[in-house]
Structures are given as structure tokens and as C-alpha cells.
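Working notes, structure below.
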Amino acid sequence: MTTKRADHRPAWSALASHAEAIRDTHLRDLFRKDPDRAERYSGTAGDLLVDYSKHRITDETLKLLLQLAREAKVAKARDAMLAGESVNLTEKRAVLHTALRSPPDRPVRVGGEDVTPAVHAVLDRMAAFSEAVRSGEWRGHTGRKIRNVVNLGIGGSDLGPGMAYEALRPYADRDLVVRYVSNVDGTHLAEALHDLDPAETLFIVVSKTFTTQETMANATSARAWLLAALNDDEAAIARHFVAVSTNARGVRDFGIDPASMFEFWDWVGGRYSLASAVGLSLMVAIGPEAFREMLGGMHTLDRHFAEAPLDRNLPVILALLGVWYRNFLGAATHAVLPYDQYLHRFPAYLQQADMESNGKGVDRDGRPVAWATGPVVWGEPGTNGQHAFFQLLHQGTDLVPADFIGFARSHHPLGRHHRMLLANLLAQTEALAFGRTLEDVLEEGAPKALAPHRTFPGNRPTTTILAPQLTPSVLGQLIALYEHRIFVQGVIWDVCSYDQWGVELGKVLAGRLLAELDAGKADPEAHDPSTRRLLEHILTLSKSG
Ligand code: F6P
């Protein structure tokens with residue numbers, strides 16, 4: 001049983017009072033009084049430099065936030081997770097994505113058993129398979145080389161590998177077409193397959209449970225597409241379908257040879273599974289060596305998280321800053337703004353990681369929480385966002401803390417492009433923090449009536465994360481940084497970060513509605529009047545088409 005509710009901890013009320021005292025303090029004043037803060041309020045882990053000086057904090061804020069972390073027993077919770085204890089309370093499971101990137105000589109035990117040998121055995125099988133596909137040794141049923149790889153999965157079985165594939169394209173075999181199909185909307189599969197030759201296409205069906213409606217529907221239709229082109233020869237399945245799952249029976253029942261199944265384990269949460277066999281499509285694309293570099297980067301951050309003292313532990317500090325804005329300064333959302341086109345799916349990936357983990361309304365004892373939990377996470381790559389929603393970030397009425405992620409070197413420097421990109425990144429964080437006062441605007445000669453419109457309040461907090469270049473290792477470091485940030489926030493908010501019961505009700509209701517859509521008839525006794533009317537409208541429209 002949790003003893004103290006999150007908002008009853010002494011540091012919580014101290015932070016609430018401190019927030020009142022500091023609410024109107026401007027970053028302009030903080031920097032004026034404390035010119036060294038950029039040096040003090042930044043840290044490194046692996047290749048990452050994290051500057052958190054443009055936050056509305058003082059030494060006192062950090063002291064209280066760290067006290068909160070200690071009162072919430074963050075270090076103890078972290079150690080329990082890393083030691084393989086059943087920290088996923090509602091599902092009674094360990095949470096050990098860190099074991100997936102742990103070197104072979106570092107045992108990690110679940111229920112007394114070292115899981116590292118099994119982890120590395122699967123990695124070795126994945127590597128052998130990836131090499132076979134990449135070299136052309138693994139051929140399609142008719143003897144043709146595999147040129148297309150289609151990952152069929154959704155949520156954690158799609159977003160991680162899909163995001164990382166996009167991020168690591170410079171490392172990918174450009175002769176391979178790699179696509180990700182997740183949506184049950186047939187359009188997604190149809191568009192992904194329309195220009196592919198079935199004889200050269202490999203499907204990787206990824207589902208932890210192997211029961212997910214969307215993935216099973218896509219896999220079934222993909223199989224039909226393949227067989228239609230290959231004389232309905234069921235023997236073709238073995239050369240064109242492999243599976244990634246924890247459910248061997250489900251895989252067999254679907255008709256995929258268990259020998260073509262890549263295993264992972266119930267102690268790997270779907271949204272934390274990229275480092276497992278779920279990353280198979282990525283490994284095929286970038287090769288085993290680059291994949292292992294990514295794992296190495298994750299491990300670097302795992303060690304940092306496990307070993308760095310709390311006041312220099314970057315995932316802990318970033319988590320605490322998030323708590324500061326969410327719970328004490330009223331921010332409802334958190335923006336992630338990568339200044340790198342290759343990271344264009346990173347915000348979407350983090351949305352699942354963060355919102356499915358900490359979007360919870362009861363504490364670990366099942367009592368409704370009286371404090372805000374996970375924020376809405378969103379974002380787009382820079383500089384595109386600047387011409388879309390940055391207006392609101394600069395002058396809107398909401399406080400939106402934002403992470404800016406950038407790299408000193410580009411894979412495509414193209415003239416001045418990269419310097420322009422970086423100039424924009426830095427300019428935005430500067431403008432958000434320091435703004436432009438009414439006096440400045442008037443002094444620069446703006447007409448009086450326009451001056452308020454051209455004033456920038458500033459005091460908008462940002463974190464800047466810089467690395468030398470977006471490499472597999474750096475991507476791994478970034479992913480682990482955010483994963484551990486999410487964990488720490490879950491501990492402070494006292495929520496169960498590793499379940500996702502909130503997705504279940506919709507699945508059940510969709511099942512009932514699907515039966516009615518299949519029958520072409522709405523059940524007059526089922527549903528609320530709005531849903532029933534909408535269902536009837538759809539049935540009428542679809543008949544008249
Ligand atoms: O419904 C949500 C969810 O369970 C996610 O947590 C998960 O990543 C996704 O569905 C896919 O699940 P599976 O890998 O079992 O198909």
C-alpha cells in the first residue's frame with residue numbers, strides 16, 4: 001500500500017507555495033541575476049547535452065523538486081524496476097526493457113532467472129535472419145530476392161520501429177523498400193501494397209498478444225493478397241511471413257511456422273519494445289551492427305539513469321521539470337520539437353510512450369488522483385512547426401513547455417541548410433524565453449496601436465537537447481532518456497505506468513458495433529440514442545452507395 005498520497009508529501013505543498021512566489025518571475029530576470037545558470041543548469045549523458053537553464057526555476061525550485069523525488073522514493077522505485085521486481089502492479093509483471101539492451105555479461109534476473117542469454121539468443125537469430133534477407137540468401141517462394149519488407153503492427157508494434165526506421169534512413173539499405181502498416185482502414189494496406197510485387201515481399205507480423213484486431217485483419221488481408229498472386233500455394237507463407245510475438249500458439253494458429261517466430265517476453269511493454277524483436281524490420285533495414293549500436297546508446301542512458309546522482313540524473317531532472325509545469329504552473333501539454341526531419345515520427349512515438357503510460361486517473365492503490373497526471377504530448381519537426389503552431393507558443397494564453405532537439409552535424413548539409421536549421425532552433429528558444437517587451441517594440445518605431453500585437457511576453461520554458469549527429473547510438477540515447485523520464489513521472493504521480501486498461505472499453509464496444517455493421521442492422525436495444533442514430537445513418541448511406 002502506498003503510504004502518502006502524492007499531493008500530501010511535504011515537498012508538494014512547499015512547491016505549491018514556491019510556485020506562487022515565483023509565478024511572476026521572468027526568465028529575463030533570472031538570467032540577469034544569475035548569468036552562470038546556463039552552465040549550472042545543464043548536464044551531459046552519453047553524447048547528449050541537455051540545457052535546462054531556460055526554465056522558470058531557481059536553485060530553490062530544483063531543491064524542492066529533488067526533495068519531492070526523494071519523498072516519492074524515485075531511486076528505490078528505479079532500482080526495483082531495474083532489478084526485475086513486479087513493478088507493473090495491475091498485471092503483476094516485471095518491467096525490463098532495460099534488459100533488452102544489457103550486454104551479455106551483465107545478468108538481469110526475472111523471478112530468479114537470468115534473462116540475458118535468451119535476450120541475446122533472439123538478437124542473434126534476428127541478426128542471422130536480417131543478414132539472410134539483406135544478402136538475398138533468404139528468398140521468396142518463387143526464388144526471387146526480397147526487395148520489400150512490410151511491418152504489420154500497431155501501437156508499440158508499429159510506432160517504435162516505424163519511427164526509428166525513419167530516423168535512421170541514412171543507415172538503411174536503400175535497395176529495400178520498408179513500409180509500416182498499422183491502421184485497420186484498408187486504405188493503409190492497399191496503398192502500402194499497390195506498387196509491390198508479392199513475390200518479392202516479406203511481411204513481418206508484429207503483435208505482442210497476436211490478438212490485436214487491426215494487426216490480425218491486416219495480416220489476414222496481406223496473406224490473401226500474397227496467395228492470390230502465388231497460385232494459392234500455402235507453402236508460400238513460410239517464405240513471406242514471419243512473426244514477432246509473445247504468443248507462440250497465436251502465431252501457429254495464424255499459420256506462421258513457429259520456426260519463423262521471433263520471441264519476446266511479457267516483461268517488455270509494447271510501447272517499450274523497440275529494442276526487442278519488435279525492432280526486426282529496423283534491423284533488416286539498417287543491419288545488425290547499426291541496430292546493436294542503437295541498443296548500445298540505450299544502454300548508455302540506462303547506466304546513467306541507474307548510476308547518476310538524482311541532482312545530475314537527466315531523466316530525473318527532465319521528469320521533475322515536467323511535474324513542475326504540470327502540477328504547479330498549470331501546463332496541460334508538452335511539446336517535443338525535433339529540429340531534424342529524420343525525427344519526424346518521434347513526437348508520435350513519444351505520444352504513445354508517455355500518454356499510454358501516464359494518462360491515468362487513479363493511483364497505484366486505485367484511488368482517484370487529486371492531481372494532474374500525464375500531459376498531452378505533441379509536436380512536429382522544426383522548422384515546419386514555426387509556420388504552423390508556434391504563434392500560439394509565443395503569444396497564446398497557454399503555457400506550453402517544449403523540448404528542442406538538434407544535432408550539430410547533418411547527414412545532408414546542403415549549402416547553408418543545416419546552419420539555417422540550427423539558427424532557427426536557437427532563435428526560437430531565445431525568443432520564447434526572453435520575448436520582446438512593449439517598450440522595445442515602441443522604441444523600434446512600431447505604431448502604438450500595433451505595439452501590443454508585436455509584443456512577445458517571453459518566459460516560455462524550453463529544454464534544449466543537443467547531440468553531435470543523429471546516429472543509431474544517439475537515437476537510442478534519446479529514446480531511453482524519454483523512457484526513464486516517463487518512469488520517474490509515473491512514480492511521482494503514483495500511477496501504474498505500465499498498464500493501459502483505458503484502451504479496453506473502446507475495443508469491446510467496437511466488437512459489438514462490428515457485429516451490427518456485419519449484419520447490416522442496428523440493435524434497437526443497444527447503445528445510447530446518439531450512437532444508434534449515427535450507426536443507422538451509416539447503414540443507410542452504405543446501402544445507397
Ligand atoms: O491497445 C493498446 C495496445 O495494447 C498497446 O499498448 C500496444 O502497443 C498495441 O495495442 C499493440 O498491441 P500488440 O502488440 O499486442 O498487437
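The table below gives the values:
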| read-out | value |
| --- | --- |
| Debye, to nearest 20: dipole size of the chain, +1 on Lys, Arg Cβ, -1 on Asp, Glu Cβ | 680 debye |
| MRE, 222 nm, helices only [DSSP H, n ≥ 4, -39500 (n - 2.57), over the chain, to nearest 500] | -13500 deg cm²/dmol |
| Relative contact order (%) - region 48-110, alpha-carbon pairs under 8 angstrom, separation at least six | 21 percent |
| Heavy-atom accessible area ranking, 1.4 Å probe, most first, across Thr471, Thr300 | Thr300, Thr471 |
| Gain on full stretching of the segment that runs from Ser544 to Ser135 - 0.36 nm per residue minus C-alpha separation | 142.1 nm |
| Accessible area (Å², 1.4 Å probe, nearest 10) - Tyr482 | 10 Å² |
| Pairwise FRET efficiency - Arg454 versus His194, Cβ, R0 = 45 Å, nearest 0.05 | 0.35 |
| FRET efficiency, Arg303 to Ala118 (Cβ-Cβ, R0 22 Å, nearest 0.05) | 0.55 |
| Accessible area of Ile538 in the full protein assembly, 1.4 Å probe (Å², nearest 10) | 90 Å² |
| Region 174-292 - charge dipole about Cα centre, Lys and Arg +1 at Cβ, Asp and Glu -1, debye rounded to 20 | 440 debye |
| Accessible area of region 103-143 divided out per residue, in Å², using a probe of 1.4 angstrom | 53 Å² |
| Exposure ranking of Trp265, Trp225 by accessible area [1.4 Å probe, largest first] | Trp225, Trp265 |
| Ala127-Asp105 pseudo-label distance in nm [points 7 Å out on the Cα-to-Cβ vector] | 1.6 nm |
| Signed unit charges on C-beta, dipole axis of region 40-111, positive-most listed residue Val110, Leu82, Leu62 | Val110 |
| Virtual spin-label span in nm between Val503 and Gln469, 7 Å along Cα→Cβ | 3.6 nm |
| Summed side-chain charge close to Asp29 - residues other than Asp29 whose Cβ falls under 12 Å, Lys, Arg +1, Asp, Glu -1 | +3 |
| Principal-axis tilt of helix 529-544 within the chain, Cα atoms, nearest 10 degrees | 50 degrees |
| Accessible surface of the chain [probe 1.4 Å, protein heavy atoms]: carbon and sulfur percent | 53 percent |
| Glu166 accessible area, assembled protein chains, probe 1.4 Å, Å² | 40 Å² |
| Interchain or long-range residues, amide H under 5 Å from Met261's placed H | Ala243 |
| Selection from Leu274, Ala319, Ala290 lying farthest towards where the dipole of region 229-384 points positive, charges on Cβ | Ala319 |
| Selected from Val503, Thr142, Val474, residue furthest toward positive end of dipole (the chain; charges at beta carbon) | Val474 |
| Charge dipole (debye, nearest 20) of region 99-217; +1 at Cβ of Lys and Arg, -1 at Cβ of Asp and Glu | 220 debye |
| For region 188-228: rounded, prolate or oblate by the Cα gyration tensor [a/c cutoff 1.5] | prolate |
| Spatial extent of the chain: Rg and Dmax, with the Cα atoms as the point set, Å | 25.1, 79 |
| Cα gyration tensor, region 1-124 - rounded (a/c under 1.5), prolate or oblate | oblate |
| Nonlocal Lys pairs with alpha-carbon distance under 24 Å, the chain (8 or more apart, or different chains) | 22 |
| The chain: relative contact order in percent, alpha carbon pairs under 8 Å with at least 6 residues between | 19 percent |
| Two-site label geometry, Glu60 and Glu439: point separation in nm, points 7 Å out along Cα→Cβ | 2.5 nm |
| FRET efficiency for Asp79 and Asp253, using Cβ-Cβ distance with R0 set to 56 Å, rounded to 0.05 | 0.90 |
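The values are calculated or read from the model by the stated rules, or taken from the named source; none is laboratory data. Nothing here was measured: the structure is a model prediction, and the numbers come from that model. When we count neighbours, we look across all protein chains shown, and the Cβ atoms used for this are built from the backbone with ideal geometry, even at glycine. With ligands, DNA and RNA removed, areas are computed over all heavy atoms of the protein, side chains included. Shrake-Rupley method; radii C 1.70, N 1.55, O 1.52, S 1.80 Å.
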